[in-house]
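Report on the following structure.
The values are calculated or read from the model by the stated rules, or taken from the named source; none is laboratory data. The model shown is predicted, which means the values in this text are computed figures rather than measured ones. Here the Cβ is made from the backbone with ideal geometry for all residues, glycine too, and neighbour counts use every protein chain on show.
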Amino acid sequence: MCEIAKAVSFDAKVIIFDEPSAALTEAEIEEMFKIIRDLKKKDIAMVYISHRMDEIKVITDRVTVMRDGTYVGTLITNECTKEDIINMMVGRVIYEDPKTESAVPEDAPVVLKVEHLNAGKMVQDVSFELHKGEILGFSGLMGAGRTETARALFGADPKESGDIYVNGEKVTINCPQDAVKCGIGYLSEDRKRYGVAVQKTVAENTTMATVHQFMRGIFINRKKEAAVAQEYVDALATKTPSVDQLVVNLSGGNQQKVVIAKWLTRDSDILIFDEPTRGIDVGAKNEIYKLMNKLAAEGKSIIMISSEMTEILRMSDRIVVMCEGKKTGEIGIAEATQEKIMNLATREID
């Protein structure tokens with residue numbers, strides 16, 4: 001809101017909004033839309049860049065689609081459908097139907113158990129279990145404590161109390177290195193800050209968590225590193241000219257694949273995906289979804305934190321809901337609806 005005020009104060013005639021809603025709540029987005037409509041009445045022109053289809057349909061007059069750096073076409077918003085836009089973006093229609101039943105067997109073993117985790121105001125007495133091959137969704141409004149729970153679990157933030165069990169064995173996690181040794185990988189919501197080193201190559205980022213395996217004395221075996229990185233580029237269909245490309249030059253979706261490759265190289269059995277599709281286009285989203293389902297089918301266990309309700313309903317086998325730093329409920333995907341999730345996400349527990 002301050003950025004918008006700054007732009008208006010300069011008497012701007014054209015304002016470019018680049019993913020303005022990425023870190024906003026639904027209520028804040030509505031407030032922003034009111035401001036945008038007021039600006040429109042004052043004959044200020046706006047370019048609104050977003051990967052969220054629902055926003056595009058609500059706030060724009062025309063939609064221009066680009067793919068791989070190339071102009072594809074322009075549509076009149078009220079004359080096209082969401083599927084029309086997606087088709088132009090990826091060259092095909094992608095349907096995002098919610099999952100109706102869990103793919104996890106009832107007797108699947110518990111690979112991660114968290115009991116009474118406390119870490120400041122945003123993580124209060126949080127307990128849950130994660131099963132082998134399961135995608136456990138974490139839902140809630142901004143500030144619910146989901147990311148803080150993940151960071152405390154991973155040892156990125158100090159925890160005050162609580163017990164963590166991996167494959168039935170109690171473990172001590174005081175720092176990320178401890179978590180990595182326990183087979184836990186964390187894909188941060190801020191991948192450019194915590195996930196990748198953008199001025200390093202694809203190969204260097206891929207082997208970052210396992211660099212000791214590529215050491216020859218005090219030197220890194222670059223040939224071996226490049227070969228392993230290329231394997232994951234091929235396996236994950238990462239779009240890059242070569243493994244020597246700097247990560248800063250990749251798209252958001254391909255940067256995310258490099259982060260995933262880093263943890264797969266480490267052979268992490270438990271993966272925490274924090275906002276895995278934030279800031280990436282719908283085609284790359286679909287690829288990330290397929291990859292997550294593939295990993296789960298191979299026996300990896302995933303905690304997925306997401307602010308997008310459709311994403312939670314599409315990907316999760318089970319959903320943990322948080323509000324004000326506390327777990328307010330748990331829903332199996334067969335019973336889950338947006339209404340039930342929102343009810344739990346707004347229900348404070350004393």
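Restricted to the stretch 149-195, the set of strands (runs of 3 or more DSSP E) holding at least 2 residues that are without any contact (Cβ under 8 Å) to a residue 24 or more places away in the chain comprises 169-171. Among residues of the stretch 118-149 being surrounded by fewer than 18 Cβ atoms within 10 Å (Cβ to Cβ) and small (Gly, Ala, Ser), the one that is farthest from the chain's Cα centre (by Cα) is Gly120. Listed by first and then second residue, the pairs linking a residue in the stretch 310-324 that is on the phi > 0 side of the Ramachandran plot and in a helix (DSSP H, G or I) to a residue that is at pLDDT 95 or above and buried (at least 22 other Cβ atoms within 10 Å of the Cβ), with Cβ atoms under 9 Å apart and 6 or more places separating them unless they lie on different chains, form an empty list.
Listed by position, the strands (runs of 3 or more DSSP E) contained in the stretch 7-90 that have at least 3 residues being at pLDDT 90 or above, touching a strand residue (DSSP E or B) at 6+ places or on another chain (Cβ under 9 Å) and exposed (fewer than 15 other Cβ atoms within 10 Å of the Cβ) are 45-49, 70-76.
For Ala284, the stated conditions hold: it is crowded, with 21+ Cβ neighbours inside 10 Å and in contact with a Gly (Cβ under 6 Å, 6 or more places away or on another chain). When the stretch 163-175 is filtered for residues that are buried (at least 18 other Cβ atoms within 10 Å of the Cβ) and touching a helix residue (DSSP H, G or I) at 6+ places or on another chain (Cβ under 9 Å), the ones remaining, listed by number, are Ile164, Ile173.
For every residue, the table says whether it meets (1) surrounded by fewer than 20 Cβ atoms within 10 Å (Cβ to Cβ); (2) in contact (Cβ under 8 Å) with a residue 60 or more places away in the chain.
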position: Thr238; (1), (2): no, no
position: Asn249; (1), (2): yes, no
position: Ile305; (1), (2): no, yes
position: Lys327; (1), (2): no, yes
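The set of residues from the stretch 17-52 being touching an Asp or Glu at 6+ places or on another chain (Cβ under 9 Å) and farther than 16 Å from Glu3 by Cα comprises Lys40, Ser50, His51, Arg52. Selection of first residues in the stretch 259-284 that are modelled with pLDDT of 85 or more and of second residues that are of a type in the set (Lys, Arg), restricted to Cβ pairs under 8 Å at least 6 apart or on distinct chains, gives the following pairs, ordered by first then second residue: Val259/Arg191; Ser268/Lys300; Asp269/Lys300; Ile270/Lys300; Leu271/Lys300; Asp274/Arg146; Thr277/Lys285. Scanning the stretch 196-221 for residues that are in contact with a helix residue (DSSP H, G or I) (Cβ under 6 Å, 6 or more places away or on another chain), free of Cβ contacts under 8 Å to residues at least 24 places away in the same chain and of a type outside the set (Phe, Trp, Tyr) yields Ile220, Asn221. Glu311 meets all of the listed conditions (1) among the charged types (D, E, K, R); (2) closer than 14 Å to Ile135 by Cβ; (3) at pLDDT 95 or above but one, namely (3). A Cβ distance below 6 Å, combined with a sequence gap of six or more or placement on separate chains, defines the contacts here; from the stretch 53-65, residues that are touching a residue at least 40 places away in the same chain (Cβ under 8 Å) reach residues that are basic (Lys, Arg) in the pairs Met53/Lys82.
Just checking, which of Ile36, Ile15, Ile76 is of a type in the set (Val, Ile, Thr), in contact (Cβ under 8 Å) with a residue 12 or more places away in the chain and under 28 Å from Leu250 (Cα atoms)?
Numbers: Ile36 fails: under 28 Å from Leu250 (Cα atoms); Ile76 fails: under 28 Å from Leu250 (Cα atoms).
Every option except Ile15 fails the conditions.
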